[in-house]
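Following: one structure in structure tokens, then a few remarks.
The values are calculated or read from the model by the stated rules, or taken from the named source; none is laboratory data. Please read all numbers here as calculations on a predicted model, not as lab measurements. Cβ placement follows ideal geometry from the backbone for every residue including glycine, while neighbour counts extend to all protein chains displayed. Ligands, DNA and RNA are stripped out before the accessible areas are found, and what is left, the full protein with its side chains, is counted by its heavy atoms. Shrake-Rupley method; radii C 1.70, N 1.55, O 1.52, S 1.80 Å.
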Amino acid sequence: MQHIDISVVVPLYNEEESLPELCNWISRVMESHGFTYEVLLVDDGSEDTSWKVVSELSSANPLIKGIKFNRNYGKSAALNTGFKKSVGKVVISMDADLQDSPDEIPALYKKITEEGFDMVSGWKKKRHDPITKTIPSKFFNYVTRKISGIKLHDFNCGLKAYRSELVKNINVYGEMHRYIPVIAKWNGYTKIDEQVVQHQERKYGKTKFGLERFINGFLDLLSITFVSKFKRKPMHFFGLWGTISFFSGFVITCYVIGEKLYKLHYKLPVRDIVDQPLFFLALIALVIGVQLFLTGFLAEMLAMKSNSGKDYLISDTIGID
């Protein structure tokens, strides 16, 4: 198999107008720098003539390859499929709408091959987007930085560079394409950097994303954080909160019973335990505590059963064939 320096993965949905210009631009950059390359255009169930355009481009240039989904699965599925099919030493992901500049590719490639980073994310420091998009994006990136501990300014930038090993050992699903740096970090690829890139104004069509992506993005962040931290040790989460809840209910129960015994001993007015709100609070806390603990116990048994070592990534070996 021919050695390929760069695989460019481009997820697309209804981008018939921009594809010829984008592919010509990528080819010019690659040829001017002497890179061997391939372009993987992943059609995510487009409803226009995008696939026809991809077919024509591939016929004119065999280095341009196409993958077509039978329906719209989302950007994460398109990226994940493109990653698995790529063969380049460095993989570049970019959007198909011409807002990402292929001129940035050589610099991103050097940061991976010469500076030793596992992943380099683009940072659109100067954006050509309306304020309704830039303000929520800044808040989204701030929250993601704080929760993940990864110091990137623009998690959602489509222009990124990856070491091939990284994209082969992660799975991007749902709407997790926003959190590829987080997924990479939790899989042991911690050499993550960013680079300021040029942001182009949209030339054709209209944006495919609305404000709802920020709400979904926040929920996805909570999901990926929880799964990454507690996937193999769910008892550490459920057991902890179950113990706290049960202990709180036990303490409240002891207080209610102790208070009644005290008042009975000194012949003070006494309310029935079931007439006190604290009794029901204690009962709920005890039940929730037991349920959380049992949930953690069952999840722990499932994790032990499924943990056969297949999720452990081996980066090197000595003395083993």
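Scanning segment 257-307 for residues that are of a type in the set (D, E, K, R) and outside any helix (DSSP H, G or I) returns 267, 271, 272. Suppose the filter is in contact with a Phe, Trp or Tyr (Cβ under 8 Å, 6 or more places away or on another chain), in a strand (DSSP E or B) and of a type outside the set (D, E, K, R); does residue 7 pass it? Taking the combined requirement at face value, the residue satisfies it. Only one entry in 191, 208 is open to solvent by 40 Å² or more (accessible area, probe 1.4 Å) and modelled with pLDDT of 85 or more, namely 191. Sub-8 Å Cβ pairs linking a first residue in segment 26-40 that is within 14 Å of residue 93 (Cβ to Cβ) to a second residue that is open to solvent by 40 Å² or more (accessible area, probe 1.4 Å) and part of a helix (DSSP H, G or I), at least 6 apart or interchain, are 40/85, ordered by first then second residue.
Okay, residues lined up against (1) touching a Ser or Thr at 6+ places or on another chain (Cβ under 9 Å); (2) hydrophobic (A, V, I, L, M, F, W, C); (3) more than 22 Å from residue 173 (Cβ to Cβ):
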residue	(1), (2), (3)
6	yes, yes, yes
21	no, no, yes
43	yes, no, no
46	no, no, no
65	yes, no, yes
76	no, no, no
80	no, no, no
85	yes, no, no
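Quick one: which of 98, 108 is surrounded by 14 or more Cβ atoms within 10 Å (Cβ to Cβ), at positive phi and either within 15 Å of the chain's Cα centre (by Cα) or touching a residue at least 12 places away in the same chain (Cβ under 8 Å) (or both)? Reasoning before the result, please.
Details: 108 fails: at positive phi.
Among 98, 108, only 98 is surrounded by 14 or more Cβ atoms within 10 Å (Cβ to Cβ), at positive phi and either within 15 Å of the chain's Cα centre (by Cα) or touching a residue at least 12 places away in the same chain (Cβ under 8 Å) (or both).
Out of the residues in segment 67-95 that are of a type in the set (A, V, I, L, M, F, W, C) and more than 28 Å from residue 116 (Cβ to Cβ), which is least open to solvent (accessible area, probe 1.4 Å)?
Residues of segment 67-95 of a type in the set (A, V, I, L, M, F, W, C): 67, 69, 77-79, 83, 87, 90-92, 94.
Those still in the list that are more than 28 Å from residue 116 (Cβ to Cβ) too: 67, 69, 77-78.
Working: 67: 35, 69: 27, 77: 31, 78: 0 Å².
Applying the filter and picking the extreme gives 78.
Checking each residue in segment 1-23 for being surrounded by fewer than 14 Cβ atoms within 10 Å (Cβ to Cβ) and of a type in the set (S, T, N, Q) picks out only 2. With respect to residue 64, determine if the residue is open to solvent by less than 40 Å² (accessible area, probe 1.4 Å) and touching a Phe, Trp or Tyr at 6+ places or on another chain (Cβ under 9 Å). Considered against the rule, which asks whether it is open to solvent by less than 40 Å² (accessible area, probe 1.4 Å) and touching a Phe, Trp or Tyr at 6+ places or on another chain (Cβ under 9 Å), residue 64 comes out as no.
Give the residues of segment 111-132 that are within 12 Å of residue 197 (Cβ to Cβ) and crowded, with 23+ Cβ neighbours inside 10 Å, sorted by residue number.
At the first step, the residues of segment 111-132 found to be within 12 Å of residue 197 (Cβ to Cβ) are 111, 120-127.
Within segment 111-132, 120, 121, 122 meet the criteria.
So that you can scan it fast, the table gives a plain yes or no per residue for (1) open to solvent by 70 Å² or more (accessible area, probe 1.4 Å); (2) within 36 Å of the chain's Cα centre (by Cα); (3) at negative phi:
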position: 246; (1), (2), (3): yes, yes, yes
position: 252; (1), (2), (3): no, no, yes
position: 256; (1), (2), (3): no, no, yes
position: 262; (1), (2), (3): yes, no, yes
position: 266; (1), (2), (3): yes, no, yes
position: 270; (1), (2), (3): no, no, yes
position: 276; (1), (2), (3): no, no, yes
position: 279; (1), (2), (3): no, no, yes
position: 293; (1), (2), (3): yes, yes, yes
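Residues that are closer than 20 Å to residue 103 by Cα and open to solvent by 20 Å² or more (accessible area, probe 1.4 Å) occur at least once in segment 36-47. Just one of the numbered conditions (1) surrounded by 21 or more Cβ atoms within 10 Å (Cβ to Cβ); (2) modelled with pLDDT of 85 or more is not true of residue 176: (2). Number of residues in segment 148-176 that are acidic (Asp, Glu) and over 22 Å from residue 196 (Cα atoms) equals 2.
Only one entry in 58, 32, 27 is in contact with a Lys or Arg (Cβ under 7 Å, 6 or more places away or on another chain), in a helix (DSSP H, G or I) and more than 18 Å from residue 177 (Cα to Cα), namely 58.
Of the residues making up segment 295-310, just one is in contact with a helix residue (DSSP H, G or I) (Cβ under 6 Å, 6 or more places away or on another chain) and either open to solvent by 100 Å² or more (accessible area, probe 1.4 Å) or at pLDDT below 85 (or both), namely 300.
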